[in-house]
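S.K.: The structure follows.
Just so you know, all these numbers are worked out from the coordinates, no wet-lab data involved. What you are looking at is a predicted structure, and each value in this text was computed from that prediction instead of being measured. Glycine gets a Cβ as well: all are built from the backbone with ideal geometry, and neighbour counts include every protein chain shown.
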Amino acid sequence: MARKTSQAGIDLIKRFEGCRLKAYKPVPTEKYWTIGYGHYGPDVTEGMTITLAQAEDLLRKDIPESEVFVNSKKYVPVTSQLTQNQFDVLVSFVYNCGQENLKSLCKDRTIAQIGQAIIKYNKAGGKVLGGLVTRRAAEQALFNKPDAKPIPKEESMYNPFKDYDKLTSPFGMRIHPVHKTRKFHKGVDLVISPSNGEIKAFVGGEVLHAKEGATGSGFGNYGITVAIKDDKGYLHVYAHLSSVSVKVGQKVVQGQVVGRQGSTGISSGPHLHYEVRKASTPSFGYTTTEDGVVEPTQYLKSYYATEQKEEEPMTKEEKALFDALTKRVTDLEKIHNMDCPEWAKEAVETARKIKYQGKPLIDTVDGGSYDVYRLITILYRLGKFKQS
Ligand SMILES: [Zn+2]
């Protein structure tokens, strides 16, 4: 398969060729004129001028012509063993020096020897040129530099449990810490500090349960439990919480706080029991055996591996912005639907007694917005509320 020049290689060529929009001859002995990013040939004539866009265009057409030679075993016998950096350097070289020089550079040489010999090609018209010395040195440096390694997938992957101090009990067979019997552990036990630390949703979705788990409900002995159904139909169970901060029917996003860690239900101490069930009905997907659950860590890893293909994860800055906006929306929701504040009570009480066209001017004080309370208070202080 024919290899292509990387952006770093294109940038290297651009940097050294420079861009000139009027035809020129770097050395007077050259047969043809040069224009743009070192485009040379019979199509360039004396006095010719082009635009920057045309120069870019010429470069885009010229680079593949150079690549053909670097991809050819006839010119570069070691072509299949070149790193991307070495490939880029040879494209830059052939672009600058032509295919015959490429052939002589690579003939009977190992990759290491090519790297050493490249700096000898620093003459034009029989003279050493400073520009060529610099260019060959830059090419040699890139040639000997190992390719940048892509970050291994494992490391770049979202680590679902990074906020937690420890995973105290994995998924699978274990001796139950309270019952002291051998039992299948259907989730993972995680501990966050402090003991009432915030528990955030590992995956977004719809809240199906957010209270103490009743016996027989599918969450008996789970204590205060939040259950969230994701877009694939799996149910994420957060058990033994001390409190919940979401409501049934609410849509939550990944990272949103759903409650606080606790030790409700049958629990040996403050921890989060996190379980992923394959279904959400009946009984919230509860099964007596391990058949109804999946290994949470693996589930999250594959869930996010597919997610990331569709959507780039947020950068730190984007995440900060997102969190700030989320908080702002929550704050706005609060002031748009708030109980009557202390400072407005007197005004509101008075306003309630006021009748307008036979009906009370305001018939409720519950869930007004901040602005409504403020307006009523201002009107009251201005003496606008008078019993008629
Ligand atoms: Zn557990």
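S.K.: If amide H atoms are built 1.01 Å from N in the plane of the peptide, which residues on other chains or at least 5 residues away come under 5 Å of the amide H of G38?
M.R.: R20
S.K.: Once R0 is set to 22 Å, what does the formula 1/(1 + (r/R0)^6) return for the Cβ-Cβ distance between N101 and R15, expressed as a FRET efficiency to the nearest 0.05? If you can, show how the numbers build up before the last one.
M.R.: On the way: r = 20 Å, r/R0 = 0.90.
Efficiency for this residue pair is about 0.65.
S.K.: Determine the shape class of segment 166-306: with a ≥ b ≥ c the square roots of the Cα gyration tensor eigenvalues, call it rounded for a/c under 1.5, and otherwise prolate if a/b is greater than b/c, oblate otherwise.
M.R.: On the way: a/c = 1.28, a/b = 1.14, b/c = 1.12.
Judged from the Cα gyration tensor, segment 166-306 comes out rounded (a/c under 1.5).
S.K.: Sticking with this one: So how strong a dipole does the chain carry about its Cα centre when Lys and Arg Cβ are +1 and Asp and Glu Cβ are -1, to the nearest 20 debye?
M.R.: Values: 55 positive and 45 negative charges, 89 e Å.
Magnitude of the dipole: close to 420 debye.
S.K.: Cα centroids of segment 107-121 and segment 49-98: how far apart, whole angstrom?
M.R.: Comparing the Cα centres of segment 107-121 and segment 49-98, I get a distance of 17 Å.
S.K.: Take the alpha carbon gyration tensor of the chain, find the square roots of its eigenvalues, order them as a ≥ b ≥ c, and report rounded if a/c is under 1.5; if not, report prolate when a/b exceeds b/c, else oblate. Walk me through the intermediate numbers first.
M.R.: On the way: a/c = 4.37, a/b = 1.87, b/c = 2.34.
Judged from the Cα gyration tensor, the chain comes out oblate (a/c at least 1.5, b/c at or above a/b).
S.K.: So, R0 is 25 Å and r is the distance between the beta-carbons of M48 and T134; what FRET efficiency does that work out to, to 0.05?
M.R.: Approximately 0.40, to the nearest 0.05.
S.K.: Work from the charge dipole of the chain (Cβ charges, +1 for Lys and Arg, -1 for Asp and Glu, about the Cα centre) and give the residue of A2, Q357, G125 farthest towards its positive end.
M.R.: Value: G125.
S.K.: How big is the gap, in Å, between the Cα center of segment 261-304 and the Cα center of segment 172-223?
M.R.: About 6 Å separates the Cα centre of segment 261-304 from the one of segment 172-223.
S.K.: Note the full-extension length gain between R60 and K355 as 0.36 nm times their separation in residues minus their Cα-Cα distance, in nm to one decimal. It would help to have the intermediate numbers written out before the result.
M.R.: Details: separation 295, 0.36 × 295 = 106.20 nm, distance 7.86 nm.
Working it through step by step, the gained length comes to 98.3 nm.
S.K.: Percent relative contact order of the chain, based on C-alpha pairs within less than 8 angstrom and at least six residues apart?
M.R.: Working: 632 pairs, mean separation 35.3, N = 388.
After rounding, I find 9 percent.
S.K.: Let me ask something additional. If you add up the charges near D43, with Lys and Arg at +1 and Asp and Glu at -1, over every other residue whose beta carbon is less than 14 angstrom from its beta carbon, what do you get? Provide the component values of the computation, followed by the final result.
M.R.: On the way: positive: K31, K61; negative: E46, D57, D62, E65.
Cβ neighbours under 14 Å give a net charge of -2.
S.K.: Shifting gears a bit: Residues with beta-carbon under 11 Å from that of K345, excluding K345: net charge, scoring Lys, Arg +1 and Asp, Glu -1?
M.R.: On the way: positive: R352; negative: D339, E342, E346, E349.
Counting the neighbours of K345, the net charge comes to -3.
S.K.: Separate question: Can you tell me the dipole magnitude for segment 26-129 around its Cα centre, using point charges on the Cβ only (Lys, Arg +1; Asp, Glu -1), in Debye to the nearest 20? Kindly include the intermediate steps, with their values, before the conclusion.
M.R.: Details: 11 positive and 11 negative charges, 113 e Å.
With Lys and Arg at +1 and Asp and Glu at -1, about 540 debye.
S.K.: Looking at the square roots a ≥ b ≥ c of the eigenvalues of the Cα gyration tensor of segment 91-225, which shape do they give, rounded for a/c under 1.5, prolate if a/b is larger than b/c, or oblate?
M.R.: Working: a/c = 5.22, a/b = 4.11, b/c = 1.27.
Prolate shape, in that a/c is at least 1.5 and a/b is the bigger ratio.
S.K.: Out of I63, H39, G172, whose Cα points farthest toward the positive end of the dipole of the chain (charges: +1 Lys, Arg; -1 Asp, Glu; placed on Cβ)?
M.R.: Farthest towards the positive end: H39.
S.K.: Zone of K211 (label point 7 Å along Cα→Cβ, backbone N under 14 Å): which residues in segment 247-272?
M.R.: 247-249
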